[in-house]
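The values are calculated or read from the model by the stated rules, or taken from the named source; none is laboratory data. Since we're looking at a predicted model, the values are computed, not measured. Neighbour counts are summed over all protein chains in view; Cβ atoms, including those assigned to glycine, are modelled from backbone coordinates with ideal geometry. In case anyone asks, the SASA skips ligands and DNA or RNA and just uses the protein heavy atoms, side chains included. Shrake-Rupley method; radii C 1.70, N 1.55, O 1.52, S 1.80 Å.
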Amino acid sequence: MAEPAKRNIIETVKQYGNRLSRFIRGQVKTDEDAEDILQDVWYQLSKVVDLDGIESISGWLFQVARNRITDTYRKKKEDPLSGLMIEDDEGDISFREILLADAQTPEDQFFKDIFWDELMRALDELPENQRSVFMKNELEDLTLQEIADQTGENLKTIISRKRYAVQHLRKRLQTLYNELDNL
């Protein structure tokens with residue numbers, strides 16, 4: 001990076017850093033998310049070849065921040081299994097970690113088998129369209145947009161089906177966890 005461009009970025013960070021940081025923190029739930037977004041904004045700024053070509057640096061920075069905030073919320077909505085958490089003595093463990101982890105002991109394998117069996121039973125209880133959307137998104141790793149394109153359905157319909165499936169699975173897996181916790 002050329003010295004004048006480097007100097008411009010440093011001056012921009014000094015001039016807008018605190019204001020931008022406060023703006024982002026007011027829009028997201030955690031400080032970690034805010035720091036990640038702010039870092040991403042500065043990274044995007046560092047990739048700009050001609051800073052003088054940006055008409056309003058302030059407007060550009062805040063627009064990039066808004067876009068990253070939106071991306072963060074979208075990303076979190078697309079991974080609902082990551083929100084399925086149980087607590088043990090050492091902290092949180094997600095159901096996804098249990099389901100996808102390699103079993104280290106026979107007890108681990110038994111526990112994992114129970115979860116897979118319950119997940120499959122819970123999926124069997126869902127209407128076919130909800131089960132299909134969930135399995136394609138979570139197990140086959142297709143995006144919701146790809147599923148909508150494949151089926152010819154409206155994206156909002158696909159999102160709704162996924163949401164209903166996840167709500168049902170959360171309820172069922174939480175019930176299982178409560179039962180296992182009482183053993």
_Filter pass, Ile159 being closer than 15 Å to Glu128 by Cβ, assigned to a helix (DSSP H, G or I) and at pLDDT 90 or above_ = no
*Do we find a residue being under 23 Å from Arg74 (Cβ atoms), out of contact with any strand residue (DSSP E or B) (no Cβ under 6 Å at 6 or more places or on another chain) and in contact (Cβ under 8 Å) with a residue 12 or more places away in the chain anywhere in the range 117-131?*
yes
_Filtered residues of the range 121-131 (kept if in a helix (DSSP H, G or I) and either open to solvent by 70 Å² or more (accessible area, probe 1.4 Å) or under 12 Å from Val166 (Cα atoms) (or both))_ = Arg121, Ala122, Leu123, Asp124, Glu125, Glu128, Gln130, Arg131
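Would you mind listing the helices (runs of 4 or more DSSP H) fully within the range 1-97 where at least 3 residues are modelled with pLDDT under 60 and open to solvent by 30 Å² or more (accessible area, probe 1.4 Å)? Lay out the reasoning, then the answer.
Working: elements: 3-25, 31-47, 57-77.
Fully inside the range 1-97 and qualifying: 3-25.
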